[in-house]
Amino acid sequence: MAHAVRRQFRAAKGYRLGWRGRQFEIPGTTVVYHKVLIANRGEIAVRVIRACRELGVRTVAVYSDVDHDALHVRMADEAECIGPAAPRDSYCNTAAILEAAARHHVDAIHPGYGFLAENANFAAVCKTWGLDFIGPEPETIERMGSKAGARQRMSQAGVPIVPGTSGPCSEDECRSAAARIGYPVLLKAAAGGGGLGIRAVQNPDELAMAFAASRREAQANFAEADLYLEKYLPQPRHIEFQILADRHGKVLHLFERESSMQRRRQKILEEAPGPHMTETLRRAMAEAAVEAARAVHYIGAGTVEFLVDREGNFYFIEMNTRIQVEHTVTEMTTGIDLVKAQIEIAAGIPLQIEQDAIERTGCAIEMRINAEDPQARFAPCPGTISEWSPPAGPWVRTDDGVYTGYTVQPYYDSLLCKLVVWGRDRTEAIARARRALDEFRAAGIATTIELHRRIVREPEFVSGIYHTGWLEENLDRLIAPQ
Ligand code: ADP
């Protein structure tokens, strides 16, 4: 129905249906889509609205009833309430979103990250409604959605994986795999994400209890209890490669991001380039990342995540089939707008750039400003923002989803803002990060701004020698009252 309405609409406006029957032209300009619905909220919804506006695409925001005054609702051309606050009733409510898409005659849906972004079923249903899902094919999402399945696939494609089980496994299989590769090991939820469902096991005595607890946690968080096992790598670095792939077989990488600054296996600061990458390692990892994307016929923007051990060996851990929070540092260092690229790729437009022409300049750092109270074990801190005055000035970018007077809701992710700085080199980027953080004024709620102020002054951060466990090892000192 939506499809028919759209065709009539285009015909009435005199648009010429172009290639793939989707791209259409207004004399003088080429418009990828007429209208896109953003099935998300917060900073990423705002980010997608900005990309659409630059492309001349109208936007439809959807929102839950507590989000009626959210920034993405204010910024979109059209908006529709799709249900109550709980995500399952609104931002994950497939039926309500598709009905809104039909009512607003959109051509495509951008899922952002989180919510429905890696839901293969949703991507497939969009298709049957005649809508483009701005992301990879449902089969690819499905294939990479199981981290255990993805490991198998990557191993077959010759991409190195962390030693471990070849797929989801029973307790007995875990036990024999752990005996073979040596403790400590990690149990991981096959359907996991966001650092949840991962548990370290130090010795055989701990395995039975850990296995039962991880299965329960996996079932509760991901509605699927399957687990697999990996060797626990001591003090690894998390290095991920940005991929862009079009519908015509071109697969490009946009270099790496260093995402080792983590708390509870969740990233809080990212940078590009990786401060201690060698050119040889970069080349080998980039090749593996492109191979990984090719192996699953990837289309769109995606990220291939690796761990690098202390000896400089790298191992695939997972592929994220969506735009990532930290895409900004890649944009700032390559000059390529990844969200616009996603939209153009979905519309069937071939990537216009060649691998050799992609250059990276300078250094970018992203700091995640969350509504969390570091003094209270990072408990989310909803409430009304009485002052919101983010920094500005040269080479400072703030991607935020809030404003002064806005009330942060308890129902959603606590990310308020991404503060991103660029410098000609890492020293300048760090100086700029310090300056920008010092300018930042936020009041009424607790935030992670002060923690970032301290991190960017730490000698280990400045030297670039930090690993995924560094922040937790130093956290008590970093959050201690001044
Ligand atoms: P999720 O899908 O939940 O984000 P990942 O598998 O991507 O989980 O891992 C998240 C983080 O957990 C990694 O960045 C790293 O810090 C830690 N981690 C994952 N696998 C290992 C491993 N085998 N050894 C040590 N740390 C690991």
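Listed residues V296, V308; which is out of contact with any Leu (no Cβ under 7 Å at 6 or more places or on another chain), among the aliphatic types (A, V, I, L, M), farther than 24 Å from C417 by Cβ and within 16 Å of the ligand (Cβ to nearest atom)?
Checking each option against the conditions leaves just V308.
Pairs please, first residue from the range 163-182 and more than 16 Å from A225 (Cβ to Cβ) and in contact (Cβ under 8 Å) with a residue 12 or more places away in the chain, second anywhere and open to solvent by less than 70 Å² (accessible area, probe 1.4 Å) and more than 14 Å from the ligand (Cβ to nearest atom), Cβ atoms under 8 Å, 6+ apart in sequence or on different chains.
S166/S155; R175/P204; R175/L207; A177/C169; A178/P204; A178/L207; A179/P204
May I ask you to list the residues in the range 157-166 that are surrounded by fewer than 23 Cβ atoms within 10 Å (Cβ to Cβ) and either at pLDDT below 95 or closer than 21 Å to G112 by Cβ (or both)?
Scanning the range 157-166 gives a single hit, S166.
Of all residues being within 21 Å of F222 (Cβ to Cβ) and surrounded by fewer than 22 Cβ atoms within 10 Å (Cβ to Cβ) in the range 120-130, which is farthest from the ligand (Cβ to nearest atom)? Just the residue, please.
V125
Scan the range 377-388 and report the pairs whose first residue is under 12 Å from A446 (Cβ atoms) and whose second residue is open to solvent by 80 Å² or more (accessible area, probe 1.4 Å), with Cβ atoms within less than 8 Å and a gap of 6+ or a chain change.
Listed by first residue and then by second, the contacts come to P380/P410; P382/P410.
Matching residues to (1) farther than 28 Å from Q409 by Cα; (2) in contact with a strand residue (DSSP E or B) (Cβ under 6 Å, 6 or more places away or on another chain); (3) at pLDDT 95 or above; (4) not in a helix (DSSP H, G or I):
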position	(1), (2), (3), (4)
A96	no, yes, yes, no
G112	no, no, yes, yes
A117	no, no, yes, yes
M144	yes, yes, yes, no
S155	yes, yes, yes, no
P168	yes, yes, no, yes
A177	yes, yes, yes, no
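If you go through the range 221-244, how many residues are in contact with a helix residue (DSSP H, G or I) (Cβ under 9 Å, 6 or more places away or on another chain) and either more than 13 Å from the ligand (Cβ to nearest atom) or outside any strand (DSSP E or B) (or both)?
Count: 8.
Can you pull out the residues in the range 50-65 that are over 26 Å from A347 (Cβ atoms) and crowded, with 17+ Cβ neighbours inside 10 Å?
The answer is S64, and nothing else.
Restricting attention to the range 217-244, and to residues there that are under 26 Å from H297 (Cα atoms) and aromatic (F, W, Y), which single residue is most open to solvent (accessible area, probe 1.4 Å)?
Going through the qualifying residues, I end up with F222.
Restricting the first residue to the range 183-199 and requiring it to be on the phi > 0 side of the Ramachandran plot, which pairs with a second residue that is of a type in the set (D, E) and more than 8 Å from the ligand (Cβ to nearest atom) meet a Cβ separation below 6 Å and a spacing of at least six or different chains?
Close Cβ pairs satisfying both conditions: G197/E217.
In the range 131-156, which residues are open to solvent by 10 Å² or more (accessible area, probe 1.4 Å) and of a type in the set (G, A, S)?
Within the range 131-156, G135, G145, S146, G149, S155 meet the criteria.
Among the listed residues R257, R247, R263, which satisfies the condition of being assigned by TED's automatic domain parsing to the domain that holds A286, surrounded by fewer than 21 Cβ atoms within 10 Å (Cβ to Cβ) and within 15 Å of the ligand (Cβ to nearest atom)?
R263
In the range 177-214, how many are more than 25 Å from M144 (Cα to Cα) and open to solvent by 50 Å² or more (accessible area, probe 1.4 Å)?
The total comes to 9.
Sort out which residues of the range 336-371 are among the charged types (D, E, K, R) and either more than 21 Å from the chain's Cα centre (by Cα) or open to solvent by 30 Å² or more (accessible area, probe 1.4 Å) (or both), and write them in order of number.
Answer for the range 336-371, where residues must be among the charged types (D, E, K, R) and either more than 21 Å from the chain's Cα centre (by Cα) or open to solvent by 30 Å² or more (accessible area, probe 1.4 Å) (or both): D337, K340, E344, E354, D356, E359, R360, R368.
If you scan the range 65-110, which residues turn out to be farther than 14 Å from L37 by Cα and in contact with a Lys or Arg (Cβ under 8 Å, 6 or more places away or on another chain)?
D67, A70
The values are calculated or read from the model by the stated rules, or taken from the named source; none is laboratory data. Predicted, not measured: the structure shown is a model, and the values here were computed from it. Methodologically, a virtual Cβ is constructed for each residue, glycine included, from the backbone with ideal geometry; neighbour enumeration extends over all protein chains shown. The area values use the complete protein model at the heavy-atom level, side chains included, leaving out ligands, DNA and RNA. Shrake-Rupley method; radii C 1.70, N 1.55, O 1.52, S 1.80 Å.
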